[in-house]
Amino acid sequence: MHRDRFPGVGLLKKKNRKKWTTPSGFDTGIKTFNSLTKQKEPLIVEREGVASCFTCVCDLSACTGRILSRLFGITVIHAMVITDIDDKIIKRSWEEDVSPATIARTYEDEFKKDMLSLKVIPPAVYLRVTENVHHIIAFIEGIVKNGHAYATTEGDVYFDIKSIGDRYGRFVGAVESQVEPGGSHKRDQRDFALWKRSKPQEPYWESPWGRGRPGWHIECSTIASCVFGSQLDIHSGGIDLAFPHHENEIAQSEAYHQCGQWANYFLHSGHLHLKGSAEKMSKSLKNYITIKDFLQSYSANEFRMFCLLAKYRSGIDYSDDNMLEARASLATVSTFVHDVQAYMKGQLQCPPVQEAFLWERLAETKSSIMKALADDFDTPRAVGTLLNLVYYGNCQLRPVSTSDGAARSPAVFGAVVSYITDILDVFGIDLLHSKADVASTVGSLQNVVEQLTRFRSEVRAFALAPRQDPLSTGTPGKPGLHPDRIPLLKACDTLRDELAPLGIVIKDRGATSTWEITEGKQGRRGQRIHNEVQEPSS
């Protein structure tokens, strides 16, 4: 850690220091909503091609890191704090008669597994509070030395809100009623704890003020400063953390570093709500679903699409209807990709394709998606643009029974599908392999399905063989079916229909057919994960 080049307590008391200053550095070409100014601002980072980012709690709703790195060429150095000592952990350790460290590691392991299951990219580094207490003590000492904190006779250390004048209240103002509980020795009810004396049977560390442990807010300021020094590009987290947590982080960080603007951008994401409820999902309210239980009904891809369909700053209503909308959007894209692959392999016959039109739509889509994501990471607009491209592509894929020998256009469809899969991969969605273990278990099933489909194709081709005589079922002058073969054709249709709920989808396309294996059991429609083969034609 190092301090800035702005000595003196008086700096923090100057008027109008709440005003945000546009950083100097490299303009990323992105505008993002900055909670410090309550409006969109150009995202300018200190070093070209690099952004420092600190997160208190993992932000699932936005793919900002992926978008910055993959589309805008910004390497995101992301650090995240792991709070492995607090009142809840201590209480749980008492209840289960195990050490707080054991409880904390259990929570940490579950959290990391959950993030992995949702395909959330981990930060460059996780830092535990208990492994940084010596840094925290030194940080508090610096704030005290600079005249912005005081120790009580009880052994607590509080931040002195009045010492920074009108600088407190960046997000919601200095709300007098929102105060933290504390001892009677606080100078101002808004003052918050930097160091808390230990109570009997609580974990503790030795400090200049006696045995105790860190307060909640100080851990984030200290650890962020350990990694990034006195200047931070981006601080992210849920909107519920804006006040008092992030407010207090700003106060103590700028008091320590004696700087006018510690973090240049605060990106706050909205809460996840149960539909019809104004309250966020949380364990304390007992209105939540675990990620493990969620993944019994929906996939990680579906969850990510669900998040993409809402602005990251907005509250998101969780409901089966909204999840099914996300599933349907994924199914639309997945089916289109599957059909294009069939077309490119010659399994799907279509009228001549308007190639120039599709190339234009592809170029427009690329441009529009970049503009949407550069505008405060507008993923709903980006996904809507992508679905429009799928619509235009589907309009060109009109199956016909027989080919008239017209020129085919696999290249343009290959370019469209490559772009779609690439941009979805940026968002963390893998259409081909939604779960790695699924891919490994269906290999032998594919061979069985392929042989079954080929056998069905031969039977169907035999049943569809035309004849033109008085006994045929066709209209006069036109070929029809052999009456005694109609039951075979119906049996083929029945087999196709009965396999679909089991996750095997056969599509008859005139003289050819394709097949695919879909993820999950009956009722989990939509997401295709495996291959297709061409059926023999008659």
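Among 249-256, 493-500, 139-146, how do they line up from the highest to the lowest mean number of other beta-carbon atoms within 10 Å? Walk me through the intermediate numbers first.
Values: 249-256: 25.9, 493-500: 13.9, 139-146: 20.2.
For the peptides 249-256, 493-500, 139-146, the packing ranking is 249-256, 139-146, 493-500.
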Peptides 234-245, 116-127 ordered by average Cβ neighbours within 10 Å, highest first: 234-245, 116-127
On a straight-distance basis, which aspartates and glutamates could pair with K366 in a cross-link, Cα separation under 18 angstrom, same-chain partners fewer than 8 positions away excluded? E355, D375, D376, D378, D422, D425
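With a probe of 1.4 Å, find how much accessible area the range 26-269 has per residue, and write the answer as a whole number in Å².
About 41 Å² of surface per residue is accessible.
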Go through S297, L358, A374 and say which Cα lies farthest out towards the positive end of the charge dipole of the range 291-427; charges sit on Cβ, +1 for Lys and Arg, -1 for Asp and Glu. L358
Aspartates and glutamates whose Cα lies under 19 Å from that of K490, excluding same-chain neighbours fewer than 8 positions away: E458, E498, D508, E535
Set of aspartates and glutamates with alpha-carbon distance to K91 below 18 Å, sequence-local pairs under 8 removed: E108, E202
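The values are calculated or read from the model by the stated rules, or taken from the named source; none is laboratory data. Only a predicted model underlies this, so the values are computations on that prediction, with no experimental measurement involved. All Cβ positions, glycine included, derive from the backbone under ideal geometry; neighbour counts span all protein chains shown. For the accessible areas, the whole protein counts, side chains as well, though only heavy atoms, and no ligand, DNA or RNA atoms are used. Shrake-Rupley method; radii C 1.70, N 1.55, O 1.52, S 1.80 Å.
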